[in-house]
Amino acid sequence: MNSKKFEVAAYPKMWEDLDMDVARFDKARLMLGEAYEKLFLSQALRPEKMAYFDDMISEIFGGRIKEILTVKKSGKPVVGTFCVYIPEEIVVAAGGVCIGLCGGSPGSIPDAEKILPRNICPMVKSAYGFKAGRICPYFQAVDFVYGETTCDAKKKTWEILDRLVPTYVMEIPQMKRARDRALWLEEVKDFKAKVEEISGSAVSEDNLAGAIRLINRKRLALQRLTKLRANNPAPISGKDALLIEQIAFYDEPERFAAKVNELCDELEDRVKAGKGVAGDESPRVMVSGTPMALPNWKVHNLLESAGAVVVNEESCIGTRYFKDLIDEDGGSMDEQLANLTDRYMQIDCSCFTPNDERVDQVLQEYRQSGAQGILHYSLQFCHTYNIEEIKIREACEGEGIPYLSIETDYSPEDVGQLQTRIEAFLEQIGN
Ligand code: BJ8
């Protein structure tokens, strides 16, 4: 156990320059530090190489922002996104930074509810509230936000968000026919044009090829981490793995991939030594469903506090983000954009209909992860995941997989009730 007092570093002058509500944000900073210390640093048998990711959290509102502002000052684009459909390779090819903006905190929801309806997804409200309340330095640093038309809550919120920060919208098809792929390719080209407009120069074939290789390396490192989690005893906790998957959306990709690989080297040694974070009799759970944006650690914390170990996240902050790579063989710009489009069309978000490949993917990841049960996680008011849950449940019943479905938000109100249900579920796994 790490006895060092953990703190998220403060950069009040920089926050002021970013036109933030500094006094309010500073309280959030202190709360994040306390929560992190309690949930993460108190874990037993943590891998030593988690130190880098602890530092990333410590500098989440400072060091990384400075790096991003340096890129911005050089005239390169800084793009905020909310969905894994936005092709970060194009931003990286332009020398810019692509930031997955957060929407995982209850603290910003009251700001959103001043204007948005209460009965929409907490992730959308949280994200909007961060901008409305001026309490996220990343939001303040971006040149523009690129939204998408995946779900109704998001696509209508972008119209309102545009009043606060330039917000462009990419149309994501809802089916996967040839004509949908053609539409998507055109949207990718428009996105590239927007990024080029901000950076003032065209993305070259060589730069795009380099960016594709780089982001593939990042996804490969995350794939390696996921494979290591399949060992029993699990060499890393689900909480730490989720944290790394969350950091993937805002860290510098080259460095991030290298650090994940260093961690994986350590985990490989642990596996060889039969060393894990929990005993090999601990119930192994796979979580599937809606993304858990930083700092949403609620369900992983409940599961692992109850003695389970989470071994997989079938989610966009999880395998849906990194299971597919872009073919690196493309030479011309057209070939590369076609390869990129093909890769992104494989994302099995519930906004697609039909989306049966997700059901197959869940079963495949269940088998590969060595999990003993699946917890389906749906954010409140997320209609597509909530309804698709029916098919996931039926598939699990068909395969005899222990299964629990929960629908929740970010508030602590249902924690007691969830705890009871989770404990019963873990007992079922244990029998
Ligand atoms: S590709 S999962 S990141 S859309 S949970 S905001 S769908 S109401 S997050 Fe997502 Fe892209 Fe799909 Fe992935 Fe709406 Fe549902 Fe909220 Fe959601």
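Which pairs have Cβ atoms under 6 Å, sit 6 or more apart or on different chains, and link a residue in segment 409-421 that is over 19 Å from residue 291 (Cα atoms) to one that is assigned to a helix (DSSP H, G or I)?
Here the result reads 419/302, each pair linking segment 409-421 to a residue that is assigned to a helix (DSSP H, G or I).
Tally up the residues in segment 152-198 that are surrounded by 15 or more Cβ atoms within 10 Å (Cβ to Cβ), under 30 Å from residue 356 (Cβ atoms), hydrophobic (A, V, I, L, M, F, W, C) and touching a residue at least 40 places away in the same chain (Cβ under 8 Å), please.
Looking only at that region, the number is 7.
List the residue pairs whose Cβ atoms are under 8 Å apart, where the first residue sits in segment 312-325 and is within 10 Å of residue 347 (Cα to Cα) and free of Cβ contacts under 8 Å to residues at least 40 places away in the same chain, the second is near the ligand (Cβ under 10 Å from one of its atoms) and among the β-branched types (Val, Ile, Thr), and the two are 6 or more positions apart or on different chains.
Note: no pairs meet the criteria.
Tally time: how many residues in segment 122-135 are in contact (Cβ under 8 Å) with a residue 40 or more places away in the chain and of a type outside the set (A, V, I, L, M)?
Total meeting the criteria: 4.
Among the numbered conditions (1) surrounded by fewer than 18 Cβ atoms within 10 Å (Cβ to Cβ); (2) within 12 Å of the ligand (Cβ to nearest atom); (3) not aliphatic (A, V, I, L, M), tell me where residue 342 comes up short.
(2)
I'd like the residue in segment 199-235 that is closer than 18 Å to residue 310 by Cβ, among the charged types (D, E, K, R) and touching a helix residue (DSSP H, G or I) at 6+ places or on another chain (Cβ under 7 Å) and, out of all such residues, is surrounded by the fewest Cβ atoms within 10 Å (Cβ to Cβ). I'd like the intermediate steps shown before the answer.
Step one: filter segment 199-235 for residues closer than 18 Å to residue 310 by Cβ, giving 222-235.
Within this subset, residues satisfying the condition of being among the charged types (D, E, K, R) are 224, 227, 229.
Going one step further and asking which of them are touching a helix residue (DSSP H, G or I) at 6+ places or on another chain (Cβ under 7 Å), we end up with 224, 229.
Values: 224: 18, 229: 26.
By that ranking, first place goes to 224.
Anything in segment 67-99 that is within 26 Å of residue 205 (Cβ to Cβ), in contact (Cβ under 8 Å) with a residue 60 or more places away in the chain and not hydrophobic (A, V, I, L, M, F, W, C)? List them, or say none.
The answer is 72, 75, 76, 77, 81, 85, 87, 88, 89, 95, 96.
So is residue 104 closer than 22 Å to residue 35 by Cα, within 15 Å of the ligand (Cβ to nearest atom) and either among the aromatic types (Phe, Trp, Tyr) or assigned to a helix (DSSP H, G or I) (or both) or not? First the steps, then the outcome.
Values: closer than 22 Å to residue 35 by Cα: yes; within 15 Å of the ligand (Cβ to nearest atom): yes; either among the aromatic types (Phe, Trp, Tyr) or assigned to a helix (DSSP H, G or I) (or both): no.
No, not satisfied.
Which condition number does residue 158 fail, the rest of (1) within 12 Å of the ligand (Cβ to nearest atom); (2) over 17 Å from residue 292 (Cα atoms); (3) out of contact with any strand residue (DSSP E or B) (no Cβ under 7 Å at 6 or more places or on another chain); (4) assigned to a helix (DSSP H, G or I) being met?
Condition not satisfied by residue 158: (3).
Filter segment 110-129 down to the residues that are surrounded by fewer than 23 Cβ atoms within 10 Å (Cβ to Cβ) and outside any loop (DSSP other than H, G, I, E, B), then identify the one that is nearest to the ligand (Cβ to nearest atom).
Initially, segment 110-129 is screened for residues surrounded by fewer than 23 Cβ atoms within 10 Å (Cβ to Cβ), giving 110-111, 113-120.
Still in the running and outside any loop (DSSP other than H, G, I, E, B): 110-111, 113.
Working: 110: 18, 111: 17, 113: 15 Å.
Among those that are surrounded by fewer than 23 Cβ atoms within 10 Å (Cβ to Cβ) and outside any loop (DSSP other than H, G, I, E, B), it is 113.
Tell me yes or no: at least one residue of segment 56-69 is surrounded by fewer than 24 Cβ atoms within 10 Å (Cβ to Cβ), farther than 28 Å from residue 196 by Cβ, within 18 Å of the chain's Cα centre (by Cα) and within 15 Å of the ligand (Cβ to nearest atom).
No, segment 56-69 contains no residue that is surrounded by fewer than 24 Cβ atoms within 10 Å (Cβ to Cβ), farther than 28 Å from residue 196 by Cβ, within 18 Å of the chain's Cα centre (by Cα) and within 15 Å of the ligand (Cβ to nearest atom).
Values in this text are rule-based calculations from the coordinates and carry no lab data. Predicted, not measured: the structure shown is a model, and the values here were computed from it. Positions of Cβ are backbone-derived with ideal geometry, glycine not excepted, and every protein chain shown enters the neighbour counts.
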